[in-house]
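Heads up, the thing below is written out as structure tokens.
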Amino acid sequence: MSSPAVAVPSRGKPAKANLSGAPVRRLLAPAVIFMFVWMIVPLVMTLYYAFRRYNLMMPEVTGFAGITNFKLMFTDPTFWDSLINTLVLVGASLVITVSVGLGLAILFNRTFAGRGVARTLAIAPFFVMPVVTGLIWKNMLFHPVYGLLAWVFRHLGLNPIDWLAQYPMLSIIIMVSWEWIPFALLILLTGLQSLPEDQIEAVRLDGANRWQEFRHIVVPHLGQVLYVVVMLESIFFLTSFAEIYTTTSGGPGTATTNLPYYIYQSAFFQYDIGISSAAAIGAVILANIFSIFLIRFVAGNLNTGSRR
Amino acid sequence: MAIVELKDVVKNYGGKGSDAADNAVDSFNLTTKDGEFIVLVGPSGCGKTTTMRMIAGLENISGGTISIDGRDVSQVAPKDRDIAMVFQSYALYPHMSVFENMAFALRLKKLPDAEITARVQEAAKVLDIAHLLERKPRALSGGQRQRVALGRAIVRQPQVFLMDEPLSNLDAKLRVDMRAEIVKLHRKLAVTTFYVTHDQVEAMTMGQRIVVMLNGKIQQIDTPQRLYEWPANIFVAGFIGTPSMNFLRGKVGADKRSVANEHFNLTLTGARGGALAAHAGTEAIVGIRPEHLSYLAPNDPIAENVLSGVVEVVEPLGSVTMIQVQVGPYRVTAQIESHLTVAMGEPIRLRCQTDKLQVFDATSEQSLLQAPAAS
Amino acid sequence: MKDRTIGGILLTALAYFVALVMFFPILWMLLTAFKTEQNAFTIDPHFLFVPTLDSFRVALEQGSGYLHYALNSVVSAVVSTLVGLLLAIPAAYAMAFFPTKRTDFTLVWMVSTKFIPAVGVLIPIYLVYKQLGLLDNLAGLTLLFTAMNMPLLVWMVYSYFKDIPKDLVEAADIDGATTLQTMRKVILPLALPGIASAGLLALILAWNESFWSLTMTDHTAATLAVYIASFKSAEGLFWAKMSAASVLTVAPIIVLGWFAQRQMVRGLTFGAVK
């Protein structure tokens, strides 16, 4: 974050308060100060802790730690596992949600009787509390004996799978994808529906076939929307927590420990503020890699929507 | 009713390294008479709307002072200036009925209900919108919205009216009607009014005095008649009047009365006769309005102050006919009587009404004529 | 333009099928909620059964504490949304109608705080809350929800304000209205539908929030997310009860969410997709 650019009135005169309308600063200040106190101050404190010796179990050990916390973190195999798990979870969920979401968006972009109802049903999972998602899937669907999937497998003559034990990461990915396919679907569908009608007609008059129409009009238009979906989902997937907390608790072993869960464990089970802060800084950096692009995109779009 | 005085008013949006050359409005000086109808006119970006918004207080001034009836209001908030404004978009509150739109300012002033109702109904009657009071703005036609916007201004009984291109969203016919109606309204209320427009016809027909602006600077402040007869510079001369004045470049002759080059020789007469005394040999631009050129029959013996050329375009308008004639390198527009038949490609001679000619310095583009003192 | 070819019918059927598959886990939860515990926990699932409200009764009875958690959820979601709007509306008003050179920066900065992962600020907030006695405190949790939703609220309200011509603010100004009067009598009535949908979205997100509830509360201030999460070690003992509690928790939000679909796209993508 750069510091706010300070606008100075060009000549010596002090800037006069705007005569007309609003005391801009007084209107803005509460929101800005609130966000500063609740987000920026803690962020800076995290950074500070990351360079401190600070373990709640050993309050007598304090002081500047240099890069010790980072060194410890980098030599902790669990950290590396969690980093890889995080990337696997983000990558796989992205591929699944975007491709399935795109397919569904195209499917639901047709006009057919009862489309509204069908779409509404398909979107519902997004509104389910992640904690509930975790429990429903873990117990009633994934359970190796009493779960519905086990029953389906038995009927197909296959051996039921103990999903969370045998394929823990895949199970998490399935749950996360189930929640987020609707998001991709909804946004991509909105994107498809905002396709400029006149462009489609123009390209048809020019004699383009279905494929050329898709290739030259739909894809470039949807490209922007896809970009937004990928960036937003990445940021949300990076911070997946509830689905893991309620199902595998990061296990078995470290099979489903992602970065947020690693930080949570370091802080709340090992009471090591220093290391968990170092890892938190890592998580922020990881998120920033995506959000910088997204924020640029949002900033670029800022005024295009308005008439003035 | 009030006298509005703008003294050396400057607006500068103050980007990086901006100086006086970037002034959106530059040293604007004007003192109105009480109850005067002032029109600010000029092409878009000339600063006319900014000037009005500074009078309203919607825009801070960067320099100078604005006073209303002797009270310096430069630092007074809009709501305390006792002004009312009609916006180009009308800016009617969409969620309020016509009545509530007009009553809004009065309610904020906490006037008694009876008086609010009386004032709104009075204004509605004047504007012929009494039957619309319960409607919402979206249920009104453009012309009706326009009237409501006017009504909202007049119920306030302010000292000054500001109108920012109020007619530009109406169709042509309605615009002409409303023009007359606003003038009538102004006669009746006699409130000092500033009226912004880019349309010179509107300016000429409505303004008691007109301020012509270009690039933030006042070009001329005068009555419509004097703007037409004695434009201060080429810009004003070209801006006022349709079709536009014709401009021909030449040199002031040794006789100090004529301007000529190889294609024409025009001699000033009448009140303008002695104006060029000090300018013999100066590069000058002669201006002739199309309506001051007339058709000369081929056999007519008159040979002085004549432009000869070839007809390029003929546009019969019914009452008159507009023709464009190529005179040497110049395309000259002339307004001739409609019974005359001229054909494209034919040679033609046009006679100039020499007591109406304008002469401008070719470099400064300022008029070389002396306008008689305003009566 | 309905498609009546074979291919069209197949595609329609596929759309229905996919919708059903996506919805099935929710449906299954709903069915289970109406079963007895014995019916819910069977090797061969019962699709046809006599529905009973027993599980709902159990979930809601005094000892379950459901109402305690529900109340916390309602209070934290509603209050955080209202506080958020109270802070966001003036800020959005200033930025939309009185932009300065710094406005774009401020807005982008606000939006960007949404992208700081919660874990990035978890530890200091936990420690400071502990110092201030705000752990397991409903006010503390509510303020966190407010911070979480603020960027969204500011952005959404800003974008709705941007759709209102500035002329109206100026007209009100000249008509003699103070800033507060302009806001209350002119702008808010016009932006109300937009503000309502922004609030609805914030409400949904706060209700479903689990990270902060799980880490910052224990019992006193715990929300439904914490209560439902406590079933994680149930291992089949209380499936019907768990389902009933979940249905009660999820159903109102799904219904609200269906209403908010369109605005959600606009809000969650910060206007990148409209």
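No value in this document is a laboratory result; all are computed from the given coordinates. None of these values were measured; they are calculated from a predicted model. As a convention, Cβ positions derive from the backbone with ideal geometry for all residues, glycine included, and neighbour counts pool all protein chains shown.
Along the Cα-to-Cβ line of residue C:6, 7 Å from the Cα, sits a label point; which residues in the range A:75-108 have backbone N less than 16 Å from it?
The answer is none, because no backbone nitrogen lies closer than 16 Å to the label point.
Among DSSP bridges having both ends in chain B, what percentage is antiparallel? Round to the nearest 5. Kindly include the intermediate steps, with their values, before the conclusion.
Details: 57 of 75 bridges.
Here the share of antiparallel DSSP bridges comes out near 75 percent.
Over 27 Å between Cα atoms, which of A:71/C:114; B:251/B:356; B:11/C:166 qualify?
Details: A:71/C:114 29 Å; B:251/B:356 18 Å; B:11/C:166 20 Å.
Cα-Cα > 27 Å for A:71/C:114; rest within.
In deg cm²/dmol and to the nearest 500, what is the mean residue ellipticity at 222 nm of chain B if only DSSP H runs of at least 4 residues count, each as -39500 (n - 2.57), divided by the residue total? Walk me through the numbers before you get to the answer.
Details: 8 runs with 85 residues, N = 375.
Calculated at 222 nm, the ellipticity per residue is -7000 deg cm²/dmol.
With the cut-off at 1.5 for a/c, could you classify chain A from its C-alpha gyration tensor as rounded, prolate or oblate?
Working: a/c = 2.31, a/b = 1.03, b/c = 2.25.
Taking the square roots of the gyration eigenvalues as a ≥ b ≥ c, chain A is oblate.
Would you tally the net charge around residue C:21, using a Cβ to Cβ cut-off of less than 15 Å, leaving residue C:21 out, and scoring K and R as +1, D and E as -1? Write out the running numbers ahead of the final one.
On the way: positive: A:119; negative: A:179.
Taking every other residue near residue C:21 into account, the sum is 0.
How many angstrom separate the Cα center of the range C:156-199 from the Cα center of the range B:32-111?
So the two Cα centres are separated by 20 Å.
Tell me, what is the FRET efficiency for residue C:74 and residue A:149 to the nearest 0.05, using R0 = 41 angstrom and their Cβ-Cβ distance as r? Intermediate values should be presented prior to the final figure.
Numbers: r = 35 Å, r/R0 = 0.85.
Result of the calculation: an efficiency of 0.75.
Positive end of the dipole of chain B, charges at C-beta (+1 Lys, Arg; -1 Asp, Glu), about the Cα centre: which of B:96, B:9, B:296 has its Cα farthest in that direction?
Of the options given, the answer is B:96.
Based on the inverse mean of 1/r over its pairs of different Cα atoms, what is the Kirkwood hydrodynamic radius of the range B:76-191, in Å? Don't skip to the end; give the middle numbers.
Numbers: mean 1/r = 0.0700 Å⁻¹.
After inverting the pairwise mean of 1/r, the radius is 14.3 Å.
If packing is taken as the mean number of other Cβ atoms within 10 Å per residue, what is the order of A:151-162, A:272-283, C:31-42, highest first?
On the way: A:151-162: 12.5, A:272-283: 26.1, C:31-42: 19.8.
Top of the packing list down: A:272-283, C:31-42, A:151-162.
Where the centre of each part is set by its Cα atoms, how far does the range B:327-375 sit from the range B:148-204, in angstrom?
One Cα centre to the other: 33 Å.
Just need the relative contact order of chain B here, percent rounded to a whole number, with Cα pairs under 8 Å and 6+ apart.
Values: 768 pairs, mean separation 57.8, N = 375.
RCO, chain B: 15 percent.
What does the average come to when, for each residue of peptide C:11-23, you count the partner chain Cβ atoms lying within 10 Å of its Cβ? Write down the numbers at each step before the final one.
Working: counts 4, 8, 1, 3, 10, 7, 1, 10, 13, 3, 3, 13, 7.
Going residue by residue through C:11-23 and averaging, the value is 6.
Rounded to the nearest 10 degrees, what's the angle between the helix B:113-127 long axis and the longest principal axis of chain B, both from Cα atoms, 0 to 90?
Once rounded, one gets 20 degrees.
Taking loop as defined by DSSP and a crowding limit of 16 other beta carbons within 10 Å, which trypsin sites (Lys or Arg not before Pro) in the range A:42-116 fit? Present the calculation step by step, with values, prior to reporting the outcome.
Working: sites: A:52, A:53, A:71, A:110, A:115; in loops: A:53, A:110.
Loop-located and lightly packed - A:110.
Where Lys and Arg each count +1 and Asp and Glu each count -1, what net charge lies around residue B:262 among other residues with Cβ under 15 Å from its Cβ? Each step should come with its number before you reach the end.
Details: positive: B:249, B:251; negative: B:283.
My count for the surroundings of residue B:262 gives +1.
Can you tell which of A:31, A:186, A:152 lies farthest toward the positive end of the dipole of chain A, using +1 and -1 charges on the Cβ of basic and acidic side chains (Lys, Arg; Asp, Glu)?
Most positive-ward Cα: A:31.
Ranked from highest to lowest mean number of other Cβ atoms within 10 Å per residue, what is the order of the peptides C:169-180, B:196-207, C:101-112? Could you put the intermediate results ahead of the total?
Working: C:169-180: 22.6, B:196-207: 20.7, C:101-112: 18.6.
Going by the mean number of other Cβ atoms within 10 Å, highest first, we get C:169-180, B:196-207, C:101-112.
Of all DSSP beta bridges located in the protein assembly as shown, what percent are antiparallel, nearest 5? Show your work: numbers first, answer last.
On the way: 59 of 77 bridges.
Antiparallel bridges: around 75 percent, rounded to the nearest 5.
Once you treat every alpha carbon in the protein assembly as shown as an equal point and sum by Debye, what is log10 I(q)/I(0) at q = 0.05, 0.08 Å⁻¹?
Ignoring solvent entirely, the Cα scatterers give -0.47, -0.92.
Quick check: net charge around residue B:232, other residues with Cβ under 13 Å of its Cβ, Lys/Arg +1 and Asp/Glu -1? Working shown, then result.
On the way: positive: B:217, B:226; negative: B:222, B:229, B:361, B:365.
Once all neighbours under 13 Å are counted, the net charge is -2.
Below 8 Å, C-alpha to C-alpha, sequence gap of six or more: please give me the relative contact order for the range B:1-119 in percent.
Details: 141 pairs, mean separation 29.8, N = 119.
Relative contact order, the range B:1-119: 25 percent.
Note down the nm distance, to one decimal, between modelled labels 7 Å out along Cα→Cβ at residue B:340 and at residue A:48.
That separation, rounded to one decimal, is 9.0 nm.
Rounded to two decimals, what ratio of Rg to Rh does the range C:65-233 give with C-alpha atoms and a Kirkwood Rh? Intermediate results must be reported in sequence, preceding the final value.
Details: Rg = 18.3 Å, Rh = 17.3 Å.
We get a ratio of 1.06 for the range C:65-233.
To the nearest whole number, what is the average tally of beta carbon atoms from other chains within 10 Å of the beta carbons of peptide C:175-186? Write down the numbers at each step before the final one.
On the way: counts 16, 13, 6, 5, 6, 1, 4, 4, 2, 0, 7, 6.
Mean shielding by partner chains, rounded to a whole number: 6.
How many Cβ atoms of partner chains, on average, are near each residue of A:145-151 if near means within 10 Å of its Cβ?
Numbers: counts 4, 9, 3, 5, 0, 2, 4.
Whole-number average of other-chain Cβ neighbours for A:145-151 is 4.
To the nearest 500 deg cm²/dmol, what mean residue ellipticity at 222 nm is calculated for chain A from DSSP H runs of n ≥ 4 alone, each contributing -39,500 (n - 2.57), summed and divided by the residues? Intermediate values should be presented prior to the final figure.
Details: 15 runs with 193 residues, N = 308.
For chain A, the value works out to -20000 deg cm²/dmol.
Ranking A:35, B:213, B:344 by Cβ neighbours within 10 Å, fewest first, what do you get? Before the final figure, lay out the partial values.
Numbers: A:35 23, B:213 27, B:344 11.
Fewest-to-most ranking of A:35, B:213, B:344: B:344, A:35, B:213.
Out of C:246, B:127, A:108, whose Cα points farthest toward the positive end of the dipole of the protein assembly as shown (charges: +1 Lys, Arg; -1 Asp, Glu; placed on Cβ)?
Checked the options; the winner is B:127.
In degrees between 0 and 90, to the nearest 10, how far off the longest principal axis of chain C does helix C:6-33 point, with axes built from Cα atoms?
80 degrees
Let me have the relative contact order for chain C, percent, based on Cα pairs under 8 Å that are six or more residues apart. Before the final figure, lay out each step's value.
Working: 275 pairs, mean separation 83.8, N = 274.
Normalised by residue count, the contact order of chain C is 31 percent.
Of the listed peptides B:102-110, C:43-51, B:117-125, B:168-176, what is their order by residue-averaged count of other C-beta atoms within 10 Å, with the highest listed first?
Working: B:102-110: 19.2, C:43-51: 11.2, B:117-125: 16.9, B:168-176: 13.4.
Order by mean packing, descending: B:102-110, B:117-125, B:168-176, C:43-51.
Taking the Cα-to-Cβ direction at residue B:177 and at residue A:219 and moving 7 Å from each Cα, how far apart do the two end points lie in nm?
Those two pseudo-labels are separated by 5.7 nm.
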